[in-house]
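The values are calculated or read from the model by the stated rules, or taken from the named source; none is laboratory data. Quantities reported herein were computed from a predicted structural model and do not represent experimental measurements. Note: ideal-geometry Cβ built from the backbone for every residue, glycine included; neighbour counts use all protein chains shown.
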């Protein structure tokens, strides 16, 4: 359905107003945005893959006493740590285990990460370092 009017600026021209709902247009709602969302998502995944492709370099090998001291302090203060294990997989060191030390059971150290608890054998720990955690309210919005 259309409505016809003459334009005050151009009286000789007719303006045809089309009302989408009455003209049979069916809004696809979120479907029309899928391409935009997917391309941004693909870019984000590509950026994460670029970060993950950087080689994991060996950190300084710490003595058992130093590792024990760091783990004790991390446990007491509930400060998050990054634990690098002393073994190589696929030609490079395994990814650091990042989390809070939740306890020690004999020779096993339990690190509570974001999604699970990992038990690490004390003798396999190469390096322990404290991780600076940025609070969500201090981060700029949409930071990359």
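Screening segment 1-105 for strands (runs of 3 or more DSSP E) wholly inside it with 2 or more residues that are at pLDDT 75 or above and in the same structural domain as residue 125 (by TED's automatic domain parsing) returns the ranges 80-85, 97-105.
Each row is one residue, and each column tells you yes or no for (1) surrounded by fewer than 16 Cβ atoms within 10 Å (Cβ to Cβ); (2) closer than 20 Å to residue 64 by Cα; (3) touching a strand residue (DSSP E or B) at 6+ places or on another chain (Cβ under 9 Å).
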{"site": "105", "(1), (2), (3)": "yes, yes, yes"}
{"site": "114", "(1), (2), (3)": "yes, no, yes"}
{"site": "126", "(1), (2), (3)": "no, yes, yes"}
{"site": "130", "(1), (2), (3)": "yes, yes, yes"}
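Report yes if residue 72 is touching a residue at least 60 places away in the same chain (Cβ under 8 Å), over 24 Å from the mean Cα position of the chain (by Cα) and surrounded by 12 or more Cβ atoms within 10 Å (Cβ to Cβ), otherwise no.
Working: touching a residue at least 60 places away in the same chain (Cβ under 8 Å): no; over 24 Å from the mean Cα position of the chain (by Cα): yes; surrounded by 12 or more Cβ atoms within 10 Å (Cβ to Cβ): yes.
Criteria not met by residue 72.
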